[in-house]
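Report on the following structure.
Here, each number is a calculation from the coordinates, and none is a lab measurement. The structure displayed is predicted, hence computed values, not measured ones. Cβ placement follows ideal geometry from the backbone for every residue including glycine, while neighbour counts extend to all protein chains displayed.
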Amino acid sequence: MVKATFINLPQDKKQKIESALLKEFSQYPLAKAQVARIVKATGIARGAFYKYFTDLNDAYHYIYDLALKTVHSPVKILPQFQAKQYYDNVTHFLEETKESTYAGLIKMHILYNENTFDHHFPAKILSALDPQNWSAMVLSHAAIRMVLENPEQKAAIMKRLKASLELLNRGKN
């Protein structure tokens, strides 16, 4: 967890560090990220970095959480499954990501960093999902990954997602 010393920094210094974190984690997978580049870009001492964050993972989680708060719309689990809602959420996420300053970070996370963490989805979300919503969530995340890996195939991937979600919709009737 980010330390209080970072939270209490003056806004301009905090933004400078956030910019350096964003640049580092947008250009390098977490396994190749370096504190040295971050401190060089910000002009802070290496020791200061560790006063703000426990380690690179901590810094990564901090900046990635900021990115998700910016581009990821909250997903509501409705009592009745709605294929259109999932499709619209994926479309919205992809558009928001594409236009966001966090685009590189999110792409890097999904393509390289996501599997380095033990928790992809909070347990309370997973336990609340019925099989139809769970399937739609898995399909949605797979579609996002595929579009980020192959942006030139976005139309075909989204068409397939829509058809797959509609199959789920019919499955419950």
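A simple rule links phi to the HN-Hα coupling: the Karplus curve 6.51 cos²θ - 1.76 cosθ + 1.60 with θ = phi - 60°, which for the stretch 48-65 gives 5, 3, 6, 7, 8, 9, 5, 6, 4, 4, 4, 5, 4, 4, 4, 6, 5, 4 Hz, with x for Gly and Pro. Taking 7 Å steps out from each Cα toward its Cβ at ARG170 and VAL35 produces label points 5.6 nm apart.
Taking Cα atoms only, the orientation of helix 154-171 departs from the longest principal axis of the chain by about 50 degrees. For the listed residue pairs LYS107/LYS162; LYS32/LYS162; LYS16/LYS51; LYS16/LYS154; LYS16/LYS107, the alpha carbons are over 25 angstrom apart in LYS32/LYS162; LYS16/LYS154.
How do 130-141, 31-42 rank on mean C-beta neighbours within 10 Å, highest first?
On the way: 130-141: 16.8, 31-42: 14.3.
Result, highest mean first: 130-141, 31-42.
Each residue of the stretch 36-47 was assigned a 3J(HN,Hα) from its phi angle through the Karplus expression (A = 6.51, B = -1.76, C = 1.60, θ = phi - 60°), giving 4, 5, 5, 5, 5, 5, 9, x, 9, 6, 4, x Hz with x at Gly and Pro. On the beta carbon distance between TRP134 and TYR28, with R0 = 45 Å, the FRET formula returns roughly 0.85.
Relative to the longest principal axis of the Cα atoms of the chain, helix 131-149 runs at roughly 60 degrees.
So if I place +1 on the C-beta of Lys and Arg and -1 on the C-beta of Asp and Glu, and nothing else carries charge, what would the dipole magnitude of the chain be about its Cα centre? I want it in debye, nearest 20.
On the way: 23 positive and 16 negative charges, 32 e Å.
Here the size comes out at about 160 debye.
Within the listed set ALA143, ALA67, ALA128, the residue fluctuating most in the Gaussian network model of the chain (springs between alpha-carbon atoms under 10 angstrom) is ALA128.
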